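The structure appears right after this line, and notes come after that.
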Amino acid sequence: MNLPDLKKAKERTNKEVKTYKNPMYASDKFNGKKYFLRTYGCQMNEHDGEQIEAILEHFGMTPSVEMEDADVIVLNTCAIRENAHDKVFGYLGRIKHLKKERPDVIVAIGGCMSQEEGVVQELIKKHPYINIVFGTHNIHELGQLLIEANSKKQDIEVYSMEGDIYEDIPYKRASNITAWVNIIYGCDKFCTYCIVPYTRGKERSRKLADVVKEVATLKEQGYQEVTLLGQNVNAYGHDLKDGYEFADLLEEVAKTNIPRVRFVTSHPWNFTDKMIEIIAKYPNIMPYIHLPLQSGSDRILKLMGRKYTKDEYINLFKKMKERIPNVAITTDIIVGFPGETKEDFKNTLEVVDTCKFDGAYTFIFSPREGTPASKMKDETPLEEKEERLYILNEKINNYAKESNEKLLSKTVPVLLLGVSEKDSTKLYGYTDTMKLVNVKGSPNDIGKIIPVYITEAKSFSLDGEEVKESIKN
Ligand code: 5AD
Ligand code: SF4
């Protein structure tokens, strides 16, 4: 048994770059069996889910639509807010029931919740039918843990600290058009509300050559788009000794000529002019930046440990808008941080009015055990926080609609990703500025970047029609 210890998350370990190897297995223990994987949370977790699926399928397993039909159940959990926990507990209730009928099912819990000290202890105590707990630092061990698993024992292997970087990781990618590519793992920022630095460890950058090789291979395989992933992509490279920074990596990735390059997430604190220049220079780097604001009050930003002021944020925002033609900028905002007054909230609304974001993810502060903010005095009642969230969302949605309306009667490039789930007569895709478009068009064009004439604008999506070649000329 190896349990997480949150205090150790601030220590740095020596890391090596290693090559991932699938475990050898002597028996056909899992061949032909079914697995059920549920992934919660951010893109990082989704991408980890693709690795978990590859490991499961290496054993000859196939996915099961219903959890009740599966022989192996894996929950890839998230810890960012309390409601992410709640979803997992909901599933565990169903699993408990299932285990009574089918005791041989193997249940594995991974992801960020597994990295939370205390939570793991509670999980295994309250849910003794869980067979494996693995963390975010040892997904590469899941295969071996499964080989050794049996439905009667519990195996808890969660490292407190990050370890080595693994290359040549197999992924079962969810799409054959767009792909995620990790560039930096972990986060060193320790914003006072955030659990991520504890669950994902210190920042570790992949070598530039390894990232570029992965992107070049994806391009050869026909992928149209890569999204470079990191909790904080602009910290890329500071832990390497070869002097590369994010702007250099972005440039090298753009030079592979893959049609579309995206990246998430950027911290406003160390977003350099060189990065802005590179984004502006390469047409295949998409003009879209997700730039979390979190709060528009300097007092709250300080309490959050965000390392920038409202004015610094606005200046950076304006610089991006000036230098990158047509750039779309979205953000994250937390309301109801401990001690946030009406005045602080008003400051946030003012920044939103200044920036008129293309969109935003908004959250009510959720205290995470072990973070400094969870110990701060918080006297604002929940109803007040909910009201602030409502007011903020109204504003955000109006600006999002306004920015979408600017595209009305224009023709924009859209990468078609598939048939719309809501309306099977339509396709869906994204503009270069990351706006969702439902398109009247030909399914033969899925996987292509096509010109789309925008006919309707809503807060969260656009409608449009594929522009046929004959019209284009
Ligand atoms: N409570 C509410 N929102 C949070 N986020 C991160 N931690 C918390 C928390 N404890 C939000 C931030 C971050 C996004 C991914 O989630 O806005 O940018
Ligand atoms: Fe969390 Fe701040 Fe790191 Fe983002 S930058 S993952 S909010 S600690």
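The values are calculated or read from the model by the stated rules, or taken from the named source; none is laboratory data. Everything numeric here is computed off the predicted structure, so don't read it as measured data. Please note: Cβ atoms are built from the backbone with ideal geometry, for glycine as well, and neighbour counts cover all protein chains shown. Heavy atoms of the whole protein, side chains included, go into the accessibility calculation; ligands, DNA and RNA do not. Shrake-Rupley method; radii C 1.70, N 1.55, O 1.52, S 1.80 Å.
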Task: Residues (under 23 Å from the mean Cα position of the chain (by Cα) and assigned to a helix (DSSP H, G or I)) located in segment 296-315 - done: Leu301, Met304, Tyr313
Open item on the list: Consider segment 383-397. How many of its residues are farther than 17 Å from Ser295 by Cα and touching a residue at least 12 places away in the same chain (Cβ under 8 Å)?
Closed with: 1
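Rundown of residues vs (1) open to solvent by less than 10 Å² (accessible area, probe 1.4 Å); (2) within 11 Å of ligand 1 (Cβ to nearest atom); (3) within 29 Å of Thr433 (Cα to Cα); (4) modelled with pLDDT of 95 or more, yes/no style:
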site	(1), (2), (3), (4)
Leu301	yes, no, yes, yes
Tyr308	no, no, yes, yes
Leu316	no, no, yes, yes
Lys321	no, no, yes, yes
Ile334	no, yes, yes, yes
Lys342	no, no, no, yes
Asn347	no, no, yes, yes
Phe357	yes, no, yes, yes
Tyr361	no, yes, yes, yes
Open item on the list: Out of everything in segment 173-232 that is assigned to a loop (DSSP other than H, G, I, E, B), within 16 Å of ligand 2 (Cβ to nearest atom) and hydrophobic (A, V, I, L, M, F, W, C), what residue ends up being surrounded by the fewest Cβ atoms within 10 Å (Cβ to Cβ)?
Closed with: Phe190
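Name the residue, out of Thr330, Thr371, Thr411, Thr431, that is under 25 Å from Tyr282 (Cα atoms), of a type outside the set (Phe, Trp, Tyr) and in contact (Cβ under 8 Å) with a residue 60 or more places away in the chain.
The unique qualifying residue is Thr330.
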Task: Condition broken by Ser27, with the remaining ones in (1) at pLDDT 95 or above; (2) open to solvent by less than 70 Å² (accessible area, probe 1.4 Å) satisfied - done: (1)
- [ ] Six or more apart or on different chains, Cβ under 6 Å: which pairs go from a residue in segment 198-210 that's of a type in the set (Phe, Trp, Tyr) to one that's assigned to a helix (DSSP H, G or I) and open to solvent by 20 Å² or more (accessible area, probe 1.4 Å)? Could you list them?
- [x] Tyr198/Leu6
Task: Matching option when the condition is within 16 Å of ligand 2 (Cβ to nearest atom) and either open to solvent by 10 Å² or more (accessible area, probe 1.4 Å) or among the aromatic types (Phe, Trp, Tyr) (or both), among Glu46, Glu117, Glu68 - done: Glu46
Task: Answer from Pro287, Pro259, Pro292, Pro325 - the residue that is more than 26 Å from Lys377 (Cβ to Cβ), open to solvent by less than 70 Å² (accessible area, probe 1.4 Å) and in contact with a Pro (Cβ under 9 Å, 6 or more places away or on another chain) - done: Pro287
